[in-house]
1. Looking at region 101-111 only, could you name the residues that are open to solvent by 40 Å² or more (accessible area, probe 1.4 Å) and either of a type in the set (Val, Ile, Thr) or in contact (Cβ under 8 Å) with a residue 40 or more places away in the chain (or both)?
2. Go through region 174-196 residue by residue and tally those that are open to solvent by less than 30 Å² (accessible area, probe 1.4 Å) and either without any contact (Cβ under 8 Å) to a residue 40 or more places away in the chain or closer than 11 Å to SER97 by Cα (or both).
3. Considering GLN137, GLN128, which residue is touching a strand residue (DSSP E or B) at 6+ places or on another chain (Cβ under 7 Å) and under 21 Å from HIS183 (Cα atoms)?
4. Being surrounded by fewer than 19 Cβ atoms within 10 Å (Cβ to Cβ) and either under 16 Å from LYS121 (Cβ atoms) or in contact (Cβ under 8 Å) with a residue 40 or more places away in the chain (or both) is the filter here, so list the residues in region 60-76 that pass it.
5. Of the numbered conditions (1) surrounded by fewer than 20 Cβ atoms within 10 Å (Cβ to Cβ); (2) farther than 15 Å from HIS183 by Cα, LEU88 fails exactly one; give the number of that condition.
6. Kindly indicate whether LEU155 is assigned to a helix (DSSP H, G or I), over 18 Å from the mean Cα position of the chain (by Cα) and buried (at least 16 other Cβ atoms within 10 Å of the Cβ).
7. Please go through region 45-55 and give me each residue that is open to solvent by 20 Å² or more (accessible area, probe 1.4 Å) and among the hydrophobic types (A, V, I, L, M, F, W, C), ordered by number.
8. Would you pick out the residues in region 209-220 that are of a type outside the set (Asp, Glu) and either open to solvent by 10 Å² or more (accessible area, probe 1.4 Å) or at pLDDT below 85 (or both)?
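The values are calculated or read from the model by the stated rules, or taken from the named source; none is laboratory data. Fair warning: this is a prediction, and the values are worked out from it, not measured in the lab. Note: ideal-geometry Cβ built from the backbone for every residue, glycine included; neighbour counts use all protein chains shown. Protein only, heavy atoms only, side chains kept; ligands, DNA and RNA dropped before computing areas. Shrake-Rupley method; radii C 1.70, N 1.55, O 1.52, S 1.80 Å.
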Amino acid sequence: MVAAVDEFTHRAHHLARGEQGRLTLGFGLSTIDIAPRAVATFRQSYPDVEVGLEDLSSAVQADRIRTGQLHAGFVRLPVGDDLHQRALRRDHLAIASTTPVPREVIRWLGRQRLVRLARIKGPGLTAQIDRLCAARQIQPGTLHETHDLQTVLALVAAGVGPALVPATAARIAPPGITFTALHDPEATWDVGIAWRPVQHTALVDNFVESVLALGADDPI
């Protein structure tokens, strides 16, 4: 009985310090490289914490954070004043292509038919492309639509056609693709981590602290 009480007390202390438990996290297209690396770094310091990571749009992540289904999420910013949020880096649209892109990028883009990610799978990316096209008064067509970013990149690599993707997609792209950055205010956004104020548990605090430290020491 004494041993059982000691074990319970020991586990309770670890839980209170955020050293044990389960952490549920979300990530999206713009953080497809950040999230796994952040989780791996966190688990080096907290190996007894079980971490679940789910691919979701920023809007869905924000809703699930508000309802407590997620502890935190790697999202496009901003996500609303009711959530705590910290920027980790800035991302921007880039043209993924296997053929040269001329200097008059926007005019050229307006004449292209693109490989696209379906709106239901990438609503944030699609909205960003819509804003850029509306601001620059262009209407590129659609050559092919798919439900996975890596499939988009694979189709581009196969020579099917160009695509507009987050510039950070270059980190997961197959060989043979060149990325042309679009330096335009309508093609730029911040990505970061968001969490619910009432979830200021030691577990969440430890994870956020780990992510921010990684961003400071090894920019992500």
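1. ILE106
2. Looking only at that region, the number is 1.
3. It is GLN128.
4. Scanning region 60-76 gives VAL60, ARG66, GLY68, GLN69.
5. With respect to (1) surrounded by fewer than 20 Cβ atoms within 10 Å (Cβ to Cβ); (2) farther than 15 Å from HIS183 by Cα, LEU88 is out only on (1).
6. Considered against the rule, which asks whether it is assigned to a helix (DSSP H, G or I), over 18 Å from the mean Cα position of the chain (by Cα) and buried (at least 16 other Cβ atoms within 10 Å of the Cβ), LEU155 comes out as yes.
7. VAL51, LEU53 - these are the residues of region 45-55 that are open to solvent by 20 Å² or more (accessible area, probe 1.4 Å) and among the hydrophobic types (A, V, I, L, M, F, W, C).
8. Result: SER210, LEU212, ALA213, LEU214, GLY215, ALA216, PRO219, ILE220.
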